[in-house]
Structures are given as C-alpha cells and as structure tokens.
Amino acid sequence: MALAVYPVVVWLGLSAVGGETSPRLVALVLLAVIAPAACLRLRRSGHVGLRGLAVIPLVTVAALAAAAALDAAGWMLMVPVAINATLLLAFAATLRPGVMPMIERFARLQEPELDAGQLAWCRLWTGIWCAFFLLNGVVAAALAVFAPLPWWAFYNGLVAYVLIGALLLGEWLLRRRRFPRIANGGDRG
C-alpha cells in the first residue's frame, strides 16, 4: 500500500510550503514508513519461486536512502523507474530456457497441473509483462527528468496503476476465452 501512494506523498512532500521542503526530510519520512514494511515483506516472502519480488521494497529503501544522504529529490523520482527495472529483470530472467516463467509461477499457485497450451500462455504473458515494465519504466524516467512534478505524480500514482489493472483484466478475460474449461472450474467433479 505504501508504494501505491508513494508518488502522491512525494509530490505533496516536495510541494509543501511553496516547494521549500527539503528532499532529505521527505525521504527520511518515507524511509520511516517504508523501511519497516520492507523488512516485514522480506520476512514473509516464503514462496521460493516468488521471493525475488520481495526485493522491490529494498530498491525503494536504497533510493530513499540516497535521496536523504544527498538531499536530492531526483532519487525519489527514480523509484518507479527502479521498481520497473527490478520487475523487468525478475520476469525476464525467468524467460531463459529451462527456467519456469514468472507467470507460470503465479499460475501454479492456483493450478499445480498445467497443460502445454497453458505453459505457452504463461511464457507469452511473462514476455508481455516484460514489455510493459520496460515501457512503463521509460515513461517514468522521462517524466522524472523532463516533466513537472504533478505530471510525474499523476502518471506514477494513477495512470500506471490503471494500466496494470487493464493488463491484468485483459489477460484474465483472454485466458477465460482461451481456456474455458479451466475458467468454469474444469472437471474437478
């Protein structure tokens, strides 16, 4: 939840008192909230196949620590870029031959037995998510460097989440159409 409201908090924090708020202060306040959550997330990341995703809060903590140490807002603005890069690397690493694709790992949490068509689907959608993380990261970086702070906050705090939701919904709808037997409960009796 903290990462979902992160862009709005950064925008409000850096915009407070006529823009005179120190990036260091904003970064320290965010660190006080996100660092404990990151520790909890790491402790609770029990599923081995998904443990790599637990590093995302650590990337955020590292960027906030750099922002606080350097009193530089740019490090806070790069957090969405770092998160997308981390997700891109985590998902892309699972597309190597002989490695279970990330989406298959998620799918097996619900359905341990997947047929060849489902396995191909999972590999395809892992690639689609890689493309999304690449494009989303590029947009986040461009906004961090070239756009006003409200635009950055709007995109990273709302638009990016709407795009993620649309991609999730689109995949779910297409999966139900492609694999109707599974979508309707299969033959579990």
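The values are calculated or read from the model by the stated rules, or taken from the named source; none is laboratory data. Since the structure is predicted, the reported quantities are computational estimates derived from the model, not experimental observations. Ideal geometry is used to build each Cβ from the backbone, glycine not excepted, and the neighbour counts take in all protein chains shown.
Structure notes:
- Odd one out for Val99 among (1) free of Cβ contacts under 8 Å to residues at least 12 places away in the same chain; (2) hydrophobic (A, V, I, L, M, F, W, C); (3) within 30 Å of Val9 (Cα to Cα): (3)
- Subset of the range 91-104 (residues that are crowded, with 19+ Cβ neighbours inside 10 Å and either aliphatic (A, V, I, L, M) or in a helix (DSSP H, G or I) (or both)): Phe91, Met102, Ile103, Glu104
- Residue within the range 75-87 that is surrounded by fewer than 16 Cβ atoms within 10 Å (Cβ to Cβ) and touching a helix residue (DSSP H, G or I) at 6+ places or on another chain (Cβ under 9 Å) present: no
- Selection within the range 36-64: residues that are within 17 Å of the chain's Cα centre (by Cα), surrounded by fewer than 16 Cβ atoms within 10 Å (Cβ to Cβ) and not polar (S, T, N, Q). The member of this set that is modelled with the highest pLDDT is Ala62.
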